[in-house]
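Let me begin by presenting the structure, written as structure tokens, before commenting on it.
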Amino acid sequence: MVLFQRFLLLPIPLIFAAQSSFTTTYSRTLVDYLSDDPDYTSLITLLQRARLIPTLNRLNGSTFFAPTNNAIERNGLWNSVVSDPSFTLNDNIQEQLRQQLFYHLLNYSLPNVPEAPNPLELKTLHFPRSPLEPPSREPPPSPPWMPIPGGALGGAPQRLRVATRAEGAWVGVDAFGNDGVEIVKGKIDAGNGVLLGIDSVLEPPPDLAHLIAQHQLVSYFNKILTSEIVSLLNSTSQLTLFLPVDDAFNNLHEIERLYLESEFATADLLRIVNSHAVVHKKVRWSDTFDPSGKLKTIDGSVLDIIVTPEKTKVSSAELVRPDIYASNGVLHLVSDLLVDLELTPEKYLLALNCSSFVSLIHSANLTGLVNDTQAKRTILAPQDDVLKLFGDDDIPEKGSEGLKKMLQYHFLPGHWTSKKLEDGMLLETELIEDGLDGGRQVLSIGVTSGDKKKEDKTFKFGGVSVIGERVVNNTLIYFISRPLTPPSDVLGTILPLQDSSLFLASAFSAAVADKLNLTARTSVFVPHNSAFQRLGQLVSAHLLAPSSKKDLASVLLHHTLDTVEYSRSFQNGSRTFATLEGSDVQLEYNKNGSIFVGASGGWAGMKAELFPRDILTRTGVVHEVSDILIPRTVDITVGKLIKAADATTMATLVTKAGMDWVLNGTTPPSDSIWAGQGFDNVGWTLLCPKDTAFESYNLTELYADSERLRNLVSQHLIPTPRGTVDAVDTIINNNRPLVLDDSATYTTLRSPASAYGDIIFRKTDTGDYIVGIKGARGSDGDSDWARVVGWGRSTTGGGTGGVIQIDQPLDPYYPSWWIEYGGPLIVGVGGIVLICLFFYGVRAFWRRDFTQPTYEPSEVSAAEQIKSFIAGGFGGAAAVLVGHPFDLTKTRLQTAPAGVYTGAIDVVKKTVAKDGIMGMYRGMLPPLLGVTPIFAVSFWAYDASKQLILAWTPNRTSDVLSIPELATAGFLSAVPTTLLTAPVERAKVLLQVQGQGGSEQKYKGVFDVMRHLYKEGGLKSIFRGSGATLARDGPGSAAYFAAYEITKKALTPPGQSPSQLNLSAIILAGGTAGVAMWAVAIPPDVLKSRLQSAPTGTYSGLIDCARKTIAQDGVGALWKGFGPAMGRAFPANAATFLGVEASKRRKGAAKATKPPTARRLSASEIARNLTHFEIWSSHQKCEQVSFSSDIPEVFEQSIQELFDFSSRPKVPAVWLEDGSPEFKSLSNLVPQDFLSFLQEIHDKNPKLFGEVADADVQAILSKMIIVHSAWRRLNIMKQSKEKYSEADYAANVYNVLRSPAIRGSTLRVQCSISLPQPLVTANVSPETTRILGAKAASPDAVVMIPSATIRALSLSKDSPYQVLKRHPNVVKTGNVSKSSSFRFQSTPLVVPPETPAFQFVSSVWEDKKPVHTMLEDAYRQNRMSTAAAARHLHCHQVKAPVIGLVWASGTVRAHVDWCGTPSEGGKSLVVYSAPYRIESIAGDGADIFHEWQLDRAADIAEVFFLIENIDRWTMNGFRNLVLKGVDDLVESVVKKKEDYVPWKRVGDLPSSSAPAKENANISASTASSTQPSPPRPVKARVRNHR
């Protein structure tokens, strides 16, 4: 058995060779061998049943693949025939069995078999053909039965493949040698053929339909096969089918596959098959392909066949698997479809469950919209389940025009993907609308984002939700939740809008409904219902009245544009649109996104807010507006409003009073008593009582009394200048004839004749309004007020005025005489008394002597400021007297309406002609009364501002202010002045403008003006225009004082002071200053004059005034009155400064006769004057000694360590060793000039470099980077052409260097040190007292012991501080009230610490001040501070020095100060100061100081290390000396009962009237010495005298 298996595994050629050796010499047939072999008994039975025994015997050279018994047993049909003798086949000629056996037979001997994947193709004796239906009962042909050629393969036999793989041979394999039946029995060469045993029955290939169903690579095509295609594949012979594999269909869009799988794709599937099938007289197996051949398919298309060794191409596809045999042809599998599917949008819709929608499209003959594959469209399609929800009544009838329009509304040109859709978009549809003049109807888009993700968006088309979307090629399909309905007509669209019902009703009432519905291409602005209410009750009542339909129609049509304007067109700035009414509306787009639409008529400022809604209609679009718009063709007069108010009685009263022109909105007739009184450009507001309010009146009597009638009507008429009514720029208040604010006051036509003609409005707690006569105090109060029940605004008279309906008339008020005149009389008398008291006080102050001694600092004294105040008052009076006529001319030009005056000369002529020459001085009293305090405050504030600027700039180089600083002082002077100027200007302007243009003389004088203003609006009314006054006087005063100082400086001869200028120069300078001021002050002055002269409510503020002035009169209006202002500017301001300077000089002459004041000098003034410093130092017993020989031994070592920079290395030397790792690392970290900086230090002082511990390297690098930064900044500043102050050096260099070096101790900046009590106080003259009276010095910085490190000295009750504070010997030395108690003595600072404790200063630093002319000045001032610190240490028995550093222009000096006695045991105290000097460097002629030049690298490094040494010494050596000294003090006071000697001043210095000898040279001046201050000679002292 093993041998047989091995035999079977041999290759086929070897089997053939082996068997040839066993061939017998006698002839035997295949049947003989089959009969002899027990494995073929079943096969013999089958051959007998099929009548094929004779056939096998007659065949010569054939090959028979014989199934073994096991193979037949596994085959159902064959096994049934063998096992059941009674089994009969359906056909009597055993056709099926015979054909299957023929499929195992070859009519030739099998050649050598190739190996897979190139199998050998064999032709069998099987000729497939359709079975006979029904089976024939005719006898079979005479034996032997042989295969009959022909059949479904065009006469060709069926094929079979054989191949070898692994160690066996296989038959029935595919084109790649796979699958098949294994040959299990070796080759037997019979006499008439070859016999090969196989282990399974070979099934003949089925027809193409069954073959497709069996093949996995075409499972999708099998899925979509229809019965028609199956029939085609079964019934067609000679069929060559190129079928795409599943991947080809998977590459299609999912919707295309979905369509192919639907019931609607039968025709397209058949077209696919026909375009892939070839029917020829011969089957086209792959071996029959020409290298470049063409095959014609069933549908007539041509397939291009290109055969190459690598692959075979079939048109655009690649042959994937060739030659899959079928009973009626062959199947070739290709990679792609060979035909364009040409799927239309209609087919997509069908596949996507939109068949009902497609059916409607067909009924409306709109198939062109769904069959165009080239055009890009977006389809909004309701699916079948959606349409089922709608009945026949919900959808227009099939085929109707309505259905056609509805369906067109579902199609959008273009590809509108969800990424392109934005909320509020309007997209054109395929609906062509007649109402749009043949334009496309649009569809609104709604987009909302989810709460969590921006990508989570929902979409709506025309308000209909999208429930899904699909994109296929050029077609985008959105599934919608219900069908879309095209927009209807305008009124039908408005009907569902509940908030627009009044507009809808008005349209039908005014008979404009058809016009709105039928007019093509319109945009309708629909107002809300509340808009009719905000229009005003009376205006609404008028428009809705039956008699006003024409006006109502015009109003409605004014809301309708004659173009279609969607919301996007409103975002292009301001535009004008025509309306159906005939006039235009103006649209204004604001930056905040709001849109306002202005009417062509109505009242001033009539506008409404537009809310773009894009509510679509058949003829255009509808938007919403907040308010009603009235066109210019509609005149709403006062008479119409009275009629709407049902107030005919009031109309009769107005007519009988001769004021019927008010009802019509016209100007007074020329023969009227009201003509020529300035009412031509005035609108009127009528307070209108109802008819029922006059029931108690005797109208007949009233009509007969013309004066009473006129007064009554005048009390109800409020004149309102055009364009000045509505100061409130809000729509909700725009409908009111007047601004009905609480306490709003208005003048009536009766106001000029009566102080009680004004009316005032009040707002009640319920929000209602009442109106009454202002100031009325009658017993019958009910007749003085009425309730406001409604209002309406007229459109005539420039759109100002209207009717305010009240519930009762306002009877004119006639007060008693004491009420009318009592108040003004008291105010006038009181004003005169106050003015007299003011000038009496001025006279008394002027004569006062201010020469008493004072110890105030050097700033300008209060007396000097008061004198500046008085001088300014005299100057102001002169200015008013000279300049008032010019000012009156200017004001009248600025405030008069256009055309009243032709120019300044015309103003003068008309004023003089009407009022005489005194008319030019009208309104002079307010400025004359106010000018003294105004100009006084102005000049006082100017001087105070200059001092303030000097205080703000302590580091300045000069006391002389620059021009910008002078201008700043001038601007600041205007701030307090405005508090006085504003009310004075208000009264002056009102007095100046009254009477111009024929208007009435309303005010009788300044007090009458103030009384009226206070009654009108209180202090707010009096101070109206304060902001505008400051806007005028701020820049004006800046130019005013700056120009004055510049001119004075220019006119001052060389070598003289501006104070020596003669009066003619002062006049020129003052006049120039006035011209400069008014050159910049005219525009704000124009606005101020208009603000202060206009009626209440005309302007809301300065900006509103500017806007309305420019809009009404142009930009040139801001320069009205420029000529008179310039004409007044020079003489008036020349007089001003002449008065100021003359008064100052007069006082100066008087002052020259007085002795100089005994003001004490400051420390800075003492230091600047060598003589003063010598006097101070001699009384303080300060002496300058040698550093090299006079330092006391007790702290000589400490001083040496402080100034020794080379005792230990400060910088690692390896940083400069080229090639070292440290050098390389440093080179990569720092700039190149840093290494050069270190090298320069090394060259000058190499001892600073050496070995440094690794732990200190990082800290040293940080320090040297800081030093390098300061050094670099200093060099940049010195090389710059820009001039730097000492403050710049301190900020950019000194502080950069100083602060980082102080690590442990406390660095205090800008603190004051108390100067000590003089040690020599006998016979001190008053002049010396001025010098010794200095109490404090202010060094730039001090170094102190941190309070935390010496807290033990004062913390507990037994601490030294507390013990000394309580001790009687200490208590008696001072008191708290004079700042001389122990708490003040325990610290060198002026201000003691909050918690009582000791404070000790180890070092004092002084920067050169701007007032210092040289470095010695700074040194002297620093010595005063160090002397105080040394005295403080000595007082507390601390034997320690104080280190002083002087910084100036990049140079540093040092000195050491201490207290000592000239000899041992001596009691005379001396304060020594030793300038630091290096003897090895300095020669005999060298300076006494060693100077570190900070622009030198080595010097700035040494200074840094010096500060570090001071910091370290303060925390160690100095602190130890302090602790020891305080303990010694406690012992001497407490135990030894010695006295405590305070070092600070206890009381005032004693002085004598005769000057002391040493003070003989003291000058009364505080000016600095103009000569350099030579240093005092150094006194060499013997060490035992310390």
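The values are calculated or read from the model by the stated rules, or taken from the named source; none is laboratory data. This one's a predicted model, so the numbers in the text were calculated from it and none came from an experiment. Backbone-built Cβ (ideal geometry, glycine too); neighbour counts: all protein chains shown. Just so you know, the surface numbers come from the protein's heavy atoms only, side chains and all, with ligands and any DNA or RNA stripped out. Shrake-Rupley method; radii C 1.70, N 1.55, O 1.52, S 1.80 Å.
Remarks
- Tensor-based shape of region 1043-1142 (alpha-carbon gyration tensor, a/c under 1.5 rounded, otherwise prolate or oblate): prolate
- Average Cα contact separation per residue, region 232-381, under 8 Å, 6 or more apart, as relative contact order %: 27 percent
- Legend: P(r) of region 371-463 from all alpha carbon pair distances, 5 Å bins from 0, whole percents, reading 3, 11, 18, 21, 19, 16, 8, 3, 1, 0.
- For region 1191-1266, with +1 on Lys and Arg beta carbons and -1 on Asp and Glu, the positive-most of Phe1195, Gln1239, Ile1265 along the dipole: Ile1265
- Net charge of the neighbourhood of Thr764, taken over other residues with C-beta under 12 Å away and scored Lys/Arg +1, Asp/Glu -1, is 0.
- Relative contact order (%) - region 172-307, alpha-carbon pairs under 8 angstrom, separation at least six: 15 percent
- For Glu1240 and Lys376, the difference between the fully extended length at 0.36 nm per residue and the C-alpha to C-alpha distance is 303.0 nm.
- Mean projected area in nm² (Cα convex hull; one quarter of hull surface) for region 575-651: 7.0 nm²
- Divide the volume of the convex hull around the Cα atoms of region 667-708 by the residue count and you get 110 Å³ per residue.
- Shape category assigned to region 528-613 from the gyration tensor of Cα positions, a/c cut at 1.5: prolate
- Scalar couplings 3J(HN,Hα) for region 468-479, obtained by applying the Karplus form with A = 6.51, B = -1.76, C = 1.60 to θ = phi - 60°, are x, 8, 9, 10, 9, 6, 8, 10, 10, 10, 10, 8 Hz; x denotes Gly and Pro.
- Packing rank of 791-801, 96-106, where each peptide gets the mean count of other beta carbons within 10 Å, highest leading: 791-801, 96-106
- Note: relative contact order over region 470-558, using C-alpha pairs below 8 Å and six or more positions apart, is 27 percent.
- When all alpha carbon pairs of region 1200-1303 are counted in 5 Å bins from zero, the resulting P(r) reads 2, 11, 19, 23, 19, 13, 8, 4, 1 %.
- Over all other residues within a Cβ to Cβ distance under 13 Å of Leu195, the charged ones net out to -2, with Lys and Arg as +1 and Asp and Glu as -1.
- Where Rh is the Kirkwood radius over Cα pairs, Rg/Rh for region 248-359: 1.05
- The trypsin sites (Lys or Arg not before Pro) of region 274-304 that DSSP puts in a loop, and whose beta carbon has at most 16 other beta carbons within 10 Å, are Lys281, Lys282.
- Accessible surface of region 259-374 [probe 1.4 Å, protein heavy atoms]: carbon and sulfur percent: 49 percent
- Largest first, the extents of the alpha carbon coordinates of region 339-393 on the three principal axes equal 42, 20, 17 Å.
- 24 Å Cα-Cα reach of Lys1409 towards lysines, excluding residues that sit fewer than 8 places from it in its own chain: Lys946, Lys1278, Lys1281, Lys1283, Lys1335
- Taking N as its residue count, the alpha carbon Rg of region 446-591 over 2.2 N^0.38 Å: 1.36
- Computed across region 1242-1357, the Kirkwood hydrodynamic radius from all distinct Cα-Cα pairs reaches 19.1 Å.
- Count, lysine Cα pairs under 24 Å in region 1168-1268, 8 or more residues apart or across chains: 9
- If the chain linking Trp674 and Lys281 were pulled fully straight, counting 0.36 nm for each residue of separation and taking away their Cα-Cα distance, it would gain 129.5 nm.
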